[in-house]
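Peer 1: Can you keep this structure in mind? I'll have questions shortly.
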Amino acid sequence: PLFFFVLHPVLVIVAAAVLTSLLWVGFPLFTPAVWEGRGFKESLSLVIAVSRQRLVPTVLLFLALYVVVSVIGMVVFGALLPGYFFMTGLATSILGVGMTGDGLAAITNLMNGYGGGYNSGLMYAGILATALIFGLAFTLMMQVALMGVNLVYLAATDGLDTADTENALNAG
């Protein structure tokens with residue numbers, strides 16, 4: 001029990017650090033390298049070389065990128081959600097679903113049948129329109145994120161010497 005008590009939190013923190021570094025730094029550097037036409041081993045050696053030689057500037061660039069993407073997401077969704085709730089409430093009153101007050105209740109009423117039952121064409125139209133609206137908003141955020149990842153990749157790999165890392169991977 002003592003071994004489990006001591007080792008479990010340490011391993012949880014190590015696993016969290018490894019997964020975070022892979023998801024937030026490793027994959028965003030690996031995928032542009034593959035897209036650029038590099039092979040798997042060459043892309044892996046590039047990511048390792050960046051982590052050995054330019055880790056702190058790369059992490060700081062990624063943090064700045066994620067802050068910018070988050071701010072853009074808050075602006076886009078902050079503008080979109082009130083309009084969505086307002087227009088959904090208006091649609092429920094026009095379609096006769098039964099408004100009970102606020103926009104969230106209107107959405108619940110709409111999803112509970114959209115005025116014509118669960119298999120109503122209005123319900124499917126509302127679901128598809130909602131998916132389209134929020135899909136476009138998410139696309140705006142992802143365009144900024146994709147361009148930012150490419151810019152971070154170019155900055156992190158500019159003039160980077162990966163020969164030592166490739167040799168170490170080939171030897172290992």
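Peer 1: I'd like the Karplus ³J(HN,Hα) series for region 136-146: coefficients 6.51, -1.76, 1.60, θ = phi - 60°, whole numbers in Hz, and an x wherever there's a Gly or Pro.
Peer 2: 5, 5, 5, 4, 4, 5, 5, 5, 5, 5, 5
Peer 1: Now for a different question. Which number do you get for Rg(Cα) / (2.2 N^0.38 Å) in region 7-92?
Peer 2: 1.62
Peer 1: A further question follows. Output the peptides 131-137, 83-89, 63-69 sorted from most to least packed, where packing is the average of other Cβ atoms within 10 Å over each peptide's residues.
Peer 2: For the peptides 131-137, 83-89, 63-69, the packing ranking is 83-89, 63-69, 131-137.
Peer 1: Using θ = phi - 60° and the Karplus curve 6.51 cos²θ - 1.76 cosθ + 1.60, what whole-Hz ³J(HN,Hα) does each residue of region 157-172 get, with Gly and Pro shown as x?
Peer 2: 9, 5, x, 6, 8, 9, 5, 4, 5, 4, 4, 5, 5, 5, 6, x
Peer 1: Hey, any idea what the orientation-averaged projected area of the convex hull of the chain's Cα atoms comes to, in nm²? Write down the numbers at each step before the final one.
Peer 2: Values: hull surface 66.2 nm².
Spelled out: convex hull of the Cα atoms, projected over all directions, averaged, 16.5 nm².
Peer 1: Over all alpha-carbon pairs in region 30-73, figure out the percentage whose distance exceeds 16 Å.
Peer 2: It works out to 50 percent of all Cα pairs.
Peer 1: Hey, another quick one. For the chain, what is the relative contact order in percent, using Cα pairs closer than 8 Å and at least 6 residues apart in sequence?
Peer 2: Working: 108 pairs, mean separation 50.0, N = 172.
Contact order relative to length: 29 percent.
Peer 1: Per residue, how much accessible surface does the chain expose to a 1.4 Å probe? Answer in Å², no decimals.
Peer 2: On the way: 11030 Å² over 172 residues.
Value returned for the chain: 64 Å² of accessible area per residue.
Peer 1: Read phi for every residue in region 74-80 and hand back ³J(HN,Hα) as whole Hz from Karplus 6.51 cos²θ - 1.76 cosθ + 1.60, θ = phi - 60°, with x for Gly and Pro.
Peer 2: 5, 5, 5, 6, x, 7, 7
The values are calculated or read from the model by the stated rules, or taken from the named source; none is laboratory data. Values in this document were obtained by computation on a predicted structure and should not be read as measured data. Positions of Cβ are backbone-derived with ideal geometry, glycine not excepted, and every protein chain shown enters the neighbour counts. Accessible surface is based on the protein model in full, side chains and every heavy atom, while ligands, DNA and RNA are left aside. Shrake-Rupley method; radii C 1.70, N 1.55, O 1.52, S 1.80 Å.
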